């Protein structure tokens, strides 16, 4: 089913009203941004796409089948926390930026993009709500842990 950016993402985020605590990271929904030659990108929610499950269970990330004549431009997920899951680097390694949407306890929606920039894995904040100092520390820990795995797996391809 096709949705606009606001519909697909905000519907998933409505479920993510609980602030992050000591509980495990939750993924409320994911999808793909599809592109056709000469057309505008389209957000497609995919109830079968579960990035956290896929990346932790498989050696490589697979974006899944797409309609004929389209390509996957990026992947997006609504989650309980903006900090990437330990194996999220596999999405970028497969060639797709990963956009993460998360709501904090104050009702702010945070948006971040995990991507490759100049050969380096990075997470950048987009939108009005940036990263808190605690988030920056946890994001850096994720990036530090992912770097050796990212390089090793990329070299094996």
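Every read-out reported here was derived from the displayed coordinates using simple, explicitly stated rules and does not represent laboratory data. This structure is a prediction, so every number in the text was calculated from the model and none was measured.
Side notes on the structure shown:
- Averaging Cα coordinates gives a centre for region 79-157 and one for region 30-57; these two points are 17 Å apart.
- Between residue 62 and residue 141, the contour length at 0.36 nm per residue exceeds the Cα-Cα span by 25.9 nm.
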